[in-house]
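The values are calculated or read from the model by the stated rules, or taken from the named source; none is laboratory data. The structure displayed is predicted, hence computed values, not measured ones. Here the Cβ is made from the backbone with ideal geometry for all residues, glycine too, and neighbour counts use every protein chain on show. Protein only, heavy atoms only, side chains kept; ligands, DNA and RNA dropped before computing areas. Shrake-Rupley method; radii C 1.70, N 1.55, O 1.52, S 1.80 Å.
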Amino acid sequence: MIECVFCRIAQHELDAQIVDEDPDFIAFHDAHPVAPVHLLLIPKRHVASLAEWTEVEPDLAGRWLLRARDLAARSGLAPSGYRLVINTGEWGGQTVAHLHLHLLAGRLLKWPPG
Ligand code: 5GP
Ligand code: ZN
């Protein structure tokens, strides 16, 4: 029994609204969206946080970022704009200990965040 909720989603053991998937990454709708569009893009292999991502395959991080960019473009978000966020650690607001990238869009996003 896997304890990590995002590992369980990545292995299709837990339901999620999946919007994108390849052997390395999976994207799905956030269960508690804070914007009209709120997707999460995660590496399937378990990594607790960006800070703890020590054994990074050479091009995986780059492909992750570009996949988020392409997901935004395919979702029609590029003209109006979007935000990518990686909450890291307690003060960074990270609540799920599996590395994830938030894709937020669909309204004017304020800066700085709270
Ligand atoms: P964090 O605060 O760690 O950066 O973001 C974790 C995100 O995961 C939150 O926005 C939360 O709503 C979302 N989340 C937590 N559990 C689940 C779940 O079981 N399914 C989905 N789809 N999203 C989840
Ligand atoms: Zn995990």
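Side notes on the structure shown:
- Taken over region 63-89, the residue count meeting the criterion of being touching a residue at least 12 places away in the same chain (Cβ under 8 Å), open to solvent by 80 Å² or more (accessible area, probe 1.4 Å) and in a loop (DSSP other than H, G, I, E, B) is 1.
- Annotation note: Cβ proximity below 6 Å between a residue of region 21-40 that is away from ligand 2 (no atom under 16 Å from the Cβ) and modelled with pLDDT of 95 or more and a residue that is open to solvent by 10 Å² or more (accessible area, probe 1.4 Å) and not in a strand (DSSP E or B) (sequence gap 6+ or interchain) occurs for 29/17; 35/106; 35/107; 36/106; 36/107; 37/106; 38/30.
- Residue match in region 3-18 (condition: under 19 Å from residue 83 (Cα atoms) and surrounded by 14 or more Cβ atoms within 10 Å (Cβ to Cβ)): no
- Selection within region 90-109 - more than 14 Å from the chain's Cα centre (by Cα), without any contact (Cβ under 8 Å) to a residue 60 or more places away in the chain and open to solvent by 60 Å² or more (accessible area, probe 1.4 Å): 90, 91, 108
- In region 30-50, the residues that are over 21 Å from residue 113 (Cα atoms) and surrounded by fewer than 16 Cβ atoms within 10 Å (Cβ to Cβ): 45, 46, 48
- Test: residue in region 6-18 that is within 16 Å of ligand 2 (Cβ to nearest atom), hydrophobic (A, V, I, L, M, F, W, C) and in a loop (DSSP other than H, G, I, E, B): yes
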